[in-house]
Amino acid sequence: MIKKVDHIGIAVKSIENALPFYTEVLKLELEQIEEVATQHVKVAFISAGNIKIELLEPTSANSTVAKFIEKRGEGIHHIALGVESIEQRLDELQEKGINLIDKTPRIGAAGANIAFLHPSEANGVLVELCEKTVR
């Protein structure tokens, strides 16, 4: 079901302020920055070997990331697991009674199909399923 840990999402108030720690101090490579208007976030993908770090900056006070930062502060927001056949995986999880935030996939950063499981299912951790097309 799970291919790998695809990325770790980190909620930040400002990508511009957070980025130097990752690129200058840790010497990791910035791959891209993009805005995902439907999610009200700007994201920066940073390569960290076989996993990516995704910095998430809210672009609206109504974004779920803005609400997360307001409630919990900056920090780890989610863990994304790479999957194949995301729709099939969601169907299997629903059949097992798993509480899903997204019952059908939506488009996330880099055009990936994504869906979130409710944090109550993973001991308070927000888990994202992520199906990517080959880039």
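The values are calculated or read from the model by the stated rules, or taken from the named source; none is laboratory data. A quick note: this is a predicted structure, and the numbers were derived from the prediction, not measured. Every residue, glycine as well, gets a Cβ built from its backbone with ideal geometry; the counts of neighbours run over all protein chains shown.
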With over 13 Å from the mean Cα position of the chain (by Cα), among the basic types (Lys, Arg) and farther than 30 Å from residue 92 by Cβ as the only criterion, which of 13, 3, 42 stands out?
13
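When you check residue 4 against the structure, is it modelled with pLDDT under 95, closer than 25 Å to residue 119 by Cα, among the charged types (D, E, K, R) and not in a helix (DSSP H, G or I), yes or no?
Numbers: modelled with pLDDT under 95: yes; closer than 25 Å to residue 119 by Cα: yes; among the charged types (D, E, K, R): yes; not in a helix (DSSP H, G or I): yes.
Here the answer is yes, as residue 4 does meet what is asked.
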I'd like to check something: does the stretch 92-105 contain any residue that is part of a strand (DSSP E or B) and touching a helix residue (DSSP H, G or I) at 6+ places or on another chain (Cβ under 9 Å)?
yes
Applying the selection to the stretch 22-37, what residues are surrounded by 11 or more Cβ atoms within 10 Å (Cβ to Cβ) and in a helix (DSSP H, G or I)?
22, 23
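Residue-by-condition table, conditions (1) in contact with a Pro (Cβ under 7 Å, 6 or more places away or on another chain); (2) among the small types (Gly, Ala, Ser); (3) on the phi < 0 side of the Ramachandran plot:
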residue	(1), (2), (3)
71	no, no, yes
101	no, no, yes
115	yes, yes, yes
119	no, no, yes
125	yes, no, yes
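Tally up the residues in the stretch 101-125 that are among the hydrophobic types (A, V, I, L, M, F, W, C) and buried (at least 17 other Cβ atoms within 10 Å of the Cβ), please.
Here is the first cut: in the stretch 101-125, the residues among the hydrophobic types (A, V, I, L, M, F, W, C) are 101, 107, 109-110, 112, 114-117, 122, 125.
If we keep only those that are buried (at least 17 other Cβ atoms within 10 Å of the Cβ) too, we end up with 109-110, 112, 114-117.
So the count comes out to 7.
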Taking residue 65, is it in contact (Cβ under 8 Å) with a residue 40 or more places away in the chain and assigned to a loop (DSSP other than H, G, I, E, B)?
no
Just give me the residues in the stretch 1-50 being aromatic (Phe, Trp, Tyr) and farther than 19 Å from residue 83 by Cβ, in sequence order.
21, 22
Residue pairs, Cβ under 9 Å, 6 or more apart or interchain, first in the stretch 79-99 and without any contact (Cβ under 8 Å) to a residue 40 or more places away in the chain and exposed (fewer than 13 other Cβ atoms within 10 Å of the Cβ), second hydroxyl-bearing (Ser, Thr, Tyr) and in a helix (DSSP H, G or I). List them.
99/120
For the stretch 7-21, give me the residue count where each residue is assigned to a strand (DSSP E or B) and either out of contact with any Cys (no Cβ under 9 Å at 6 or more places or on another chain) or over 28 Å from residue 71 (Cβ atoms) (or both).
4
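Name the residues in the stretch 38-60 that are assigned to a helix (DSSP H, G or I) and surrounded by fewer than 13 Cβ atoms within 10 Å (Cβ to Cβ), would you? Give the derivation first.
Restricting attention to the stretch 38-60, the residues satisfying the condition of being assigned to a helix (DSSP H, G or I) are 38-39.
38, the sole residue that qualifies.
Given the criterion under 16 Å from residue 10 (Cβ atoms) and out of contact with any His (no Cβ under 6 Å at 6 or more places or on another chain), identify the matching residue among 82, 108, 97.
On the way: 82 fails: under 16 Å from residue 10 (Cβ atoms); 97 fails: under 16 Å from residue 10 (Cβ atoms).
Going through 82, 108, 97 in turn, just one is under 16 Å from residue 10 (Cβ atoms) and out of contact with any His (no Cβ under 6 Å at 6 or more places or on another chain): 108.
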